[in-house]
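The values are calculated or read from the model by the stated rules, or taken from the named source; none is laboratory data. On a predicted model such as this, the values are computed, not experimentally measured, just so you know. A quick note on method: Cβ atoms are made from the backbone with ideal geometry, for glycine too, and the neighbour counts reach across all protein chains shown. For the accessible areas, the whole protein counts, side chains as well, though only heavy atoms, and no ligand, DNA or RNA atoms are used. Shrake-Rupley method; radii C 1.70, N 1.55, O 1.52, S 1.80 Å.
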Amino acid sequence: QVQLVESGGGLVQPGGSLRLSCTTSGIIFSIYDMTWYRQAPGKQRELVASIGRGRTANYADSVKGRFTISRDNVKDTLYLQMNSLKPDDTAVYYCRAQLGGSDYWGQGTQVTVSS
């Protein structure tokens, strides 16, 4: 059974930092392309950052220079380090694993940026 479990979300003040984790099981994590998405209330889900098997990372313009995506192929875990958080970063954050026709999502973790 494939599972993707996000954690690390919470309430943080503007300018603060959070580190999200996505722990996976049931897949050969190292060969999957991994992506973080987010969905704010009333908005469509959007891509935040992605990292391929070769560890090449791509970012949405809105998070470049503030967020860093990384992966640990020993721990089968995906990370998203989020710095200089803004209220506009408030959303539910999801991780996604893709390989060919295989496509798996986590249940999401809430990030709220507010003073």
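Give the range 39-65 a look and list any residue that's open to solvent by less than 30 Å² (accessible area, probe 1.4 Å) and in contact with a Ser or Thr (Cβ under 9 Å, 6 or more places away or on another chain), or say none.
As a first pass, look at the range 39-65 and keep what is open to solvent by less than 30 Å² (accessible area, probe 1.4 Å): 40, 48-52, 60, 63.
Matches in the range 39-65: Ala40, Val48, Ala49, Ser50, Ile51.
For the range 1-90, which strands (runs of 3 or more DSSP E) that fit wholly inside it have 1 or more residues that are touching a residue at least 12 places away in the same chain (Cβ under 8 Å) and in contact with a Leu (Cβ under 7 Å, 6 or more places away or on another chain)? Before the answer, list the steps.
Working: elements: 3-7, 10-12, 18-25, 33-39, 46-51, 57-59, 67-72, 77-82.
Of the strands (runs of 3 or more DSSP E) lying wholly inside the range 1-90, those with at least 1 residues that are touching a residue at least 12 places away in the same chain (Cβ under 8 Å) and in contact with a Leu (Cβ under 7 Å, 6 or more places away or on another chain) span 3-7, 10-12, 18-25, 33-39, 46-51, 67-72, 77-82.
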Exercise. Name the residues in the range 16-38 that are in contact with a Ser or Thr (Cβ under 9 Å, 6 or more places away or on another chain), among the aliphatic types (A, V, I, L, M) and either open to solvent by 70 Å² or more (accessible area, probe 1.4 Å) or over 21 Å from Val113 (Cα atoms) (or both), would you?
Worked result: Ile27, Met34
For this session: Within the range 94-114, identify whether any single residue is under 15 Å from Arg19 (Cβ atoms), open to solvent by 20 Å² or more (accessible area, probe 1.4 Å) and acidic (Asp, Glu), and answer yes or no.
Result: no
For this session: Just give me the residues in the range 91-115 being in a loop (DSSP other than H, G, I, E, B) and under 13 Å from the mean Cα position of the chain (by Cα), in sequence order.
Result: Gly106, Gln107, Gly108
Exercise. Among (1) within 14 Å of the chain's Cα centre (by Cα); (2) over 15 Å from Thr24 (Cβ atoms), where does Lys86 come up short?
Worked result: (1)
